[in-house]
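Since the structure comes first, as structure tokens, the remarks are kept for the end.
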Amino acid sequence: MSLRTSLRPLQAHASQPWAAIRHGINKTLLAGWALLASTAVHANASSQSSLDPQGPLAGSIAKLFWGMLIGGGLILAAVAVLIFIALYKGKIAAEPQPLTFRQSRNLVLVSGVVIPALILTVFVISSAGINRELVAPMPEDAMTIRVTGHQWWWEIDYLDQAGNIIAKTANEVRIPVDTPVKFALEASDVIHSFWIPQLNGKTDMIPGKTNITWVQASKPGRYRGQCTEFCGKQHAKMAFHVEAMTQDDYAGWLQQQASPAREPSTEAQQRGRAVFLKSSCVMCHSIRGTTAMASVAPDLTHIGSRKSLAAGSIENNAGYLASWILSPQSIKPGSHMPATMMAGEDLADLVEYLLSLE
């Protein structure tokens, strides 16, 4: 018995699950289209999605992603069609004819070398072009913001042309729209990574080194950022927000942030300032215009103007602020901020004072 004759029963048996194979191919294609559809919906619904770009750099990254996704989908569809054709021809053929050596060689060269090389070349050139745009040097007079990553919060310094600090905030960044903004990224302890998905890609922050990136927002809005390099226990709660503002609003905001803390306007706020200056808070925090000048923890000069606390973990309101002061570990376990115990009246006065610092 020849080898071909002995294989015929196997070929006949292999043709039996044809319907199951076809069903599997259909399910794979449907799953791919469902994934594509859900990705598009997610891009429109999420506040932290690189598929919802709000700036030219993020737009370029999104175009590259969609191009690769569509290209990969077309390749998947083409392979599925070829499998379908091969299975169909094998089913109806009375006696399958094996490929000659030359046909096999040409098939391997074309489908295994030439076509993948062309596809990869297109993807590599596209990626290199986008990367060149992302790392383009900024103008010498570009607005510069220095961001320092800590476990687990962000220190934000607004610099003038000479590199001097104009204003200091924490965990929230504000920028003018339609203006390239350069970020000088540093880390004080471990490696962090700076990512604003709707404005640009990721850039690592390495201790002892300053990395540069830049963003530009096309319209006013609030965009969420995140540390994307595992940096310890509370890495997941190391977020920040970027608020893009009109040029006039930004100029007014920066001028306000550059000023010292406002004076208390009520007796409760006066008592609250006294509580702050006599407490252990002054060992880590600073409030410009007072004797509190520590730089271990976030600057509180204008904490009342911030929308969140603890690097985006909770909202900035009286209830959460009081809870954060009394028991930070219950909100952010592992945080370097210790609990501060104080009487109820002192706590109420302190919270009122801090929230007045806008």
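The values are calculated or read from the model by the stated rules, or taken from the named source; none is laboratory data. What you see is a predicted model, and the numbers here were worked out from it, not measured in a lab. Cβ placement follows ideal geometry from the backbone for every residue including glycine, while neighbour counts extend to all protein chains displayed. Quick note on the areas: whole protein, heavy atoms, side chains included, nothing else; ligands and nucleic acids left out. Shrake-Rupley method; radii C 1.70, N 1.55, O 1.52, S 1.80 Å.
Observations on the model:
- Between helix 18-45 and the chain: long-axis angle, C-alpha atoms, 0 to 90°, nearest 10: 20
- Near Tyr223, the amide H atoms lying under 5 Å from its own belong to Val242, Glu243, Ala244; only residues 5 or more places off or on other chains count, and H is placed 1.01 Å from N.
- Considering only Pro139, Tyr158, Ser126, the residue lying farthest towards the positive end of the dipole of the range 123-164 is Ser126, judged by Cα position with unit charges set on Cβ.
- In order along the range 188-203, the Karplus-derived 3J(HN,Hα) couplings, from 6.51 cos²θ - 1.76 cosθ + 1.60 at θ = phi - 60°, round to 9, 9, 10, 6, 10, 9, 9, 9, 10, x, 7, 10, 6, x, 8, 9 Hz, and Gly and Pro are given as x.
- Whole-Å distance, taken between Cα centres, linking the range 279-347 and the range 61-118: 61
- Overall form of the range 162-291 per C-alpha gyration tensor (a/c, 1.5; a/b vs b/c): oblate
- Accessible area of the chain divided out per residue, in Å², using a probe of 1.4 angstrom: 55
- Solvent-accessible area, 1.4 Å probe, carbon plus sulfur percent, for the range 178-264: 52
- Computed over the alpha-carbon atoms, the range 66-177 gives an Rg to Rh ratio of 1.36, Rh here being the Kirkwood radius from the mean inverse distance.
- The residues packed around Phe240, meaning those with a beta-carbon under 12 Å from its beta-carbon, carry a net charge of +3 if Lys and Arg are +1 and Asp and Glu are -1.
- By the equivalent-ellipsoid construction on the alpha carbon gyration tensor, the range 241-335 comes out with semi-axes of 23, 19, 13 Å, ordered largest to smallest.
- Candidate lysines for bridging to Lys63, where Cα separation is under 24 Å - those fewer than 8 sequence places away on the same chain excluded: Lys182, Lys202, Lys219
- Rounded to the nearest 10 degrees, the inclination of helix 115-134 to the longest alpha-carbon principal axis of the chain is 10 degrees.
- Across the range 260-269, rounded Karplus estimates of 3J(HN,Hα) from the backbone phi angles (6.51 cos²θ - 1.76 cosθ + 1.60, θ = phi - 60°) give x, 5, 5, 6, x, 10, 10, 5, 4, 5 Hz, Gly and Pro being marked x.
- Computed on the chain, with alpha-carbon pairs under 8 angstrom and 6+ residues apart, the relative contact order is 14 percent.
- Between amide H atoms placed 1.01 Å from N, distances below 5 Å from Trp214 occur with Phe183, all of them 5 or more places distant or on a separate chain.
- Neighbour net charge for Gly208 - beta-carbon separation under 12 angstrom, K R +1, D E -1: -1
- Each residue of the range 74-81 is assigned a 3J(HN,Hα), and the resulting list reads 5, 5, 4, 5, 5, 5, 4, 5 Hz, derived from the Karplus form 6.51 cos²θ - 1.76 cosθ + 1.60 (θ = phi - 60°), x at Gly and Pro.
- Peptide packing: for 316-325, 142-151, the average count of neighbouring Cβ atoms within 10 Å per residue gives the ranking 142-151, 316-325, highest mean first.
- Anisotropy class of the range 199-358 from Cα gyration tensor, a/c 1.5 cut: oblate
- Net charge contributed by nearby residues that have their C-beta within less than 15 Å of Leu350 (K/R +1, D/E -1): -2
- Divided by 2.2 N^0.38 Å, where N counts the residues, the Cα radius of gyration of the chain comes to 1.44.
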